[in-house]
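Enquirer: Before I ask anything, let me first share the structure, which is written out below as structure tokens.
The values are calculated or read from the model by the stated rules, or taken from the named source; none is laboratory data. These numbers come from a predicted model, not from an experiment. Reconstructed Cβ throughout: ideal geometry from the backbone, glycine too, with neighbour counts over all protein chains shown.
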């Protein structure tokens, strides 16, 4: 019966009916706990579904509780650096991020990055993605130097695996340009905003609003240099 509740919950979640989905997943959990032979893998899937339902409803504390239950389960049966922990650490970090507990968020993001570095070919959450969210978290803490460091790591990797006109590079260059602007390195900021503009000109329609936005950033930084 648990698998039926679980399937219903997934449909409800996809329909953004998170409260109903949560109830279905909770019913799945009760059914599973009463099973004579509980399945560890399915239990983790249930916990994760409950966690993401709570997260979607903005109940980050309850979501965090279930993510930590997943972590405890994984740690009891797996090596401490198993790559399966990467997405769990990122999930916990993201919840702390949403709760504005940035130091805790960084702690879990760094754990994810350390494991990912050991398993670069593991097909889940690449290094640029994790480096980027670490950079954005440092930025929220107004630690622009460390934010810049991790944004640069993101770019170094993406430059080696993406086409020069890939729009993701524009985002990465923009992040670096913004950090330079915040730090007061205006010449470097303009340099990276111009890289953003070059990528956008090669990948977006000429009337796309992002082009105007980037040009305005360049103008604004030049004005700051003159003041």
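Per-residue answers, yes or no, for (1) over 29 Å from the mean Cα position of the chain (by Cα); (2) assigned to a loop (DSSP other than H, G, I, E, B); (3) within 16 Å of residue 155 (Cβ to Cβ); (4) assigned by TED's automatic domain parsing to the domain that holds residue 144:
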site	(1), (2), (3), (4)
187	yes, no, no, no
195	no, no, yes, no
200	no, no, yes, no
205	no, yes, no, no
218	no, no, no, no
223	yes, no, no, no
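Enquirer: Filter the stretch 3-20 down to the residues that are part of a helix (DSSP H, G or I), without any contact (Cβ under 8 Å) to a residue 40 or more places away in the chain and more than 23 Å from residue 96 (Cα to Cα) and list them by number. Before the answer, list the steps.
Expert: As a first pass, look at the stretch 3-20 and keep what is part of a helix (DSSP H, G or I): 3-14, 18-20.
Add one more test, that the residue is without any contact (Cβ under 8 Å) to a residue 40 or more places away in the chain, and what stays is 3-5, 7-8, 10-12, 14, 18-20.
Those that are part of a helix (DSSP H, G or I), without any contact (Cβ under 8 Å) to a residue 40 or more places away in the chain and more than 23 Å from residue 96 (Cα to Cα): 3, 4, 5, 7, 8, 10, 11, 12, 14, 20.
Residue-wise test of (1) farther than 23 Å from residue 126 by Cα; (2) free of Cβ contacts under 8 Å to residues at least 24 places away in the same chain.
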position	(1), (2)
141	yes, no
167	no, no
181	yes, no
207	yes, yes
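Enquirer: From 11, 52, 4, which residue is within 20 Å of residue 92 (Cα to Cα) and in contact with a helix residue (DSSP H, G or I) (Cβ under 9 Å, 6 or more places away or on another chain)?
Expert: Result of the check over 11, 52, 4: 52.
Enquirer: Can you give me the number of residues within the stretch 169-185 that are touching a helix residue (DSSP H, G or I) at 6+ places or on another chain (Cβ under 7 Å) and crowded, with 17+ Cβ neighbours inside 10 Å?
Expert: Going residue by residue through the stretch 169-185, those that are touching a helix residue (DSSP H, G or I) at 6+ places or on another chain (Cβ under 7 Å) are 169-170, 172-177, 179-183.
From the residues that got through so far, the ones that are crowded, with 17+ Cβ neighbours inside 10 Å too are 169-170, 172-177, 179-181.
Here the count works out to 11.
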